[in-house]
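Worksheet: the structure to be examined is printed underneath.
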Number of protein chains: 2
Amino acid sequence: MRLSELTARISGEGADAWITHYEALAARERGADVIVLSVGDPDLDTPKEVVERAIEQLRAGDTHYAPAAGRLPLRMAIARAHAARSGQDTHPDQVVCLAGAQNALFAASLCLAGPGDEVMTLEPMYPTYPATLEVSGARMVRVPSASGFRPDLAALERLISPRTRALFWATPNNPSGAILEEAELEAIAALARRHDLWIVSDEVYAGLAPGGRVPSLAARLPEQVVTVSSLSKTHAMTGWRAGWLIAPREVARHVEALAMCMLFGLPGFIQEAAIVALANAAAAEQQIREYCRVKLQRFLGGLQSIPTLRAVEPQAGMFMLVDVSATGLNGYQFMRALYEAEGVSVLDGAAFGKCTQQYIRICFAAEDAAIDGACLRMGRFCEHPRLARGARG
Amino acid sequence: MRLSELTARISGEGADAWITHYEALAARERGADVIVLSVGDPDLDTPKEVVERAIEQLRAGDTHYAPAAGRLPLRMAIARAHAARSGQDTHPDQVVCLAGAQNALFAASLCLAGPGDEVMTLEPMYPTYPATLEVSGARMVRVPSASGFRPDLAALERLISPRTRALFWATPNNPSGAILEEAELEAIAALARRHDLWIVSDEVYAGLAPGGRVPSLAARLPEQVVTVSSLSKTHAMTGWRAGWLIAPREVARHVEALAMCMLFGLPGFIQEAAIVALANAAAAEQQIREYCRVKLQRFLGGLQSIPTLRAVEPQAGMFMLVDVSATGLNGYQFMRALYEAEGVSVLDGAAFGKCTQQYIRICFAAEDAAIDGACLRMGRFCEHPRLARGARG
């Protein structure tokens, strides 16, 4: 029986990156002594008032169909938050609520490009990007990074072709934590104007950036920019699947049509909880920023005594890249061997692109004991780093 | 700025069908005296134990990422329920949990066909079907219905081409309530075997069929059948977006990969609530069947005194088609004029295909007062049916 060609485009190498992570989760479930730093889902609770609002709505019977694009009060709250953050004059009609930022990226991808088109993205990139950008039938073009994981703007310009339709990025970046700067954005904006490119800016970590915001092109190129975000990272709501995109009206209308046949609306009780979350966003974001700041310092402190590991301090977010090349192992080998020897689960940098093959990604938003334990175990491992069985990849 | 070709495929006429419905919802919100029978979302509460389980999990912090395909205990519960209903030996690996049956249909559509392919479906069909089946790039081929809204099997055979990849249907059908019978399924199975066709069987209303099940090809063609279902209709959980598909392992694996970039998992607290719902499915389904039986009889009784309306008694479900041709209006004109004159919102049969253009669809799963009021108002309207302004469509 034949499957669609699309199935080949979504089953990339990305999935392999998570092997160790899933092994670690299963081991932890069995009671094994493992430390999981391989995912950006800190052990924090969703704010109590958000949980209680969902409960209130559940008990009140808010369990029926909700509008496909989201309820107006939620779209208004998102529009206000986006306007405050980006300076873009934003109408609720430009907002479509979706099941997390991942779902929003997926929807943007399907609506903005297709077979025969090219879609660019900046390395390093989140592991779901290749499947998400190529699900539409477009070909993904990777823009390499320059030193310090900044975008290589000359390469970007060189890689634009008549087929290029869009440029997707995350700022702050996952895994590097790099924030696109004004000068970089200005240069990209000029290219976007000249070549009629869509820009899709994934800003799920923007609330974790200094001041709770990142430089944005949304106000300067409102007819070309789609902004994607969610409550996952700022409000410890990863599992709620509450995200959205903000787009020019015409794009939003098509994304809403897509939402009709893809989702048919988010649960009403989740939408109402999201409104409460947005009303208290400033406090929640300040709290998570402070949390991440403290955790990062603790982790950097712990790594200092390990001479073969070189941490790349992020500008924002909950992740850190660590260069492991001095151990003689690449990121994949290090990930596998560290887990086998010490039960510490990190992510192979290769999952994010070629430029991070010699790195691992660590989520430092973890309990103190986990941070301290991980540093201790990594130090021990790095005294005698050795290949794990079957880890020559 | 150019959008993808996909956007043209998903913005079909289907959306127009809901104009009156949305007007009625807005009017009701403003306190107007309207009766809404245009959607299959009865005013019933989700079972209390299901709600309480979600609340318990929310309070316990089950708000983090969950596996993309769903938690094993939920997949096991779905596999057991499907095996009991269909007779198909079902492994949890064949189950992928998705955000409602609509999301499951969407995923099946993307994984089974693509550009250059044809996908068949039986008329009448749910209004999201055209967009859902063509989102992949495939062309939808409508199989007309024979008398009594049975599938025209001769036409089906005639319409199969070398490009045909799949056949999608809903049993019980929405809007007609028709259940595919053994003889029909046998004939279709022979064609599916001969032409290597996927069969996607949307069984969201199966729990509402007599005995809580419908004849199925899943056990007979396990390598070709994908079964789609959800808790929406059986457990008054439309807004929870808790659905799934059961497919051959290879298909399920691809749908899981799609879920990774499309959704990234259903909320854990919804998954745990779904396990409770499935544990009590027999009782919930019996209750909704009895509810629908009583409501249907009440509505049929009320319509009997209106000579120009001819109700088509459904085999199952919460909808009924009503032939309005004797009023001199078609379904669209009747829908618009009835709403304008009497504030009763029904759905134009044309939304489901050509064969139901002279019909309206009524959801009879409503409060007694709504049923009685609707029958009274429709009777009054039918004494002097008249075109609404601007309703010549």
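Derivation of every value follows stated rules applied to the coordinates shown; laboratory data play no part. This one's a predicted model, so the numbers in the text were calculated from it and none came from an experiment. Virtual Cβ from ideal backbone geometry, glycine too; neighbours counted across all protein chains shown.
A:GLU250 label point (Cα plus 7 Å toward Cβ) to equivalent points in the other copies: 4.2 nm, shortest first.
Here the Karplus curve 6.51 cos²θ - 1.76 cosθ + 1.60, taken at θ = phi - 60°, turns the phi angles of the range A:98-113 into couplings of 9, 7, x, 5, 4, 5, 5, 4, 4, 5, 4, 4, 5, 8, 9, 8 Hz, with x standing for Gly and Pro. The H on the amide N of A:LEU347, modeled in the peptide plane, is under 5 Å from the matching H of A:ARG361, each at least 5 residues off or on a different chain.
Inter-copy label distances for A:ASP372: 7.1 nm (label point placed 7 Å from Cα along Cα→Cβ; shortest first). Taking amide H as placed 1.01 Å from N in the peptide plane, A:ARG310 has its amide H under 5 Å from the amide H of A:ASP323, each at least 5 places away in sequence or on another chain.
Per-residue extension of 0.36 nm, minus the Cα-Cα distance of A:ALA27 and A:ASP93, leaves a gain of 19.2 nm for this segment.
Backbone phi angles across the range A:204-213, fed through the Karplus curve with coefficients 6.51, -1.76 and 1.60 (θ = phi - 60°), yield HN-Hα couplings of 5, 9, 4, x, 9, 7, x, x, x, 8 Hz in residue order; Gly and Pro are listed as x. Segment A:ALA326..A:LEU300, full-extension length gain: 7.6 nm, with 0.36 nm per residue of separation and the alpha-carbon distance subtracted.
Secondary structure note: in the protein assembly as shown, about 50% of the DSSP beta bridges are antiparallel.
With respect to chain A, whose longest principal axis is taken over its alpha-carbon atoms, helix A:368-383 is tilted by about 50°.
Amide hydrogen proximity for B:VAL226: with H placed 1.01 Å from N in the peptide plane, the residues at 5 or more positions away or on another chain lying under 5 Å are B:ILE199, B:VAL200, B:SER201.
Placing pseudo-labels 7 Å out from each Cα toward the beta carbon at A:ALA219 and B:GLU181 gives an inter-label distance of 6.9 nm.
For the range A:64-280, the share of DSSP beta bridges that are antiparallel, to the nearest 5, is 35%. Full extension of the chain between A:GLU250 and A:LYS354 yields a length gain of 33.8 nm, computed as 0.36 nm times the residue separation minus the alpha carbon distance.
Computing FRET efficiency as 1/(1 + (r/R0)^6) for B:ARG389 and B:ASP45, where r is the C-beta to C-beta distance and R0 is 41 Å, gives about 0.60.
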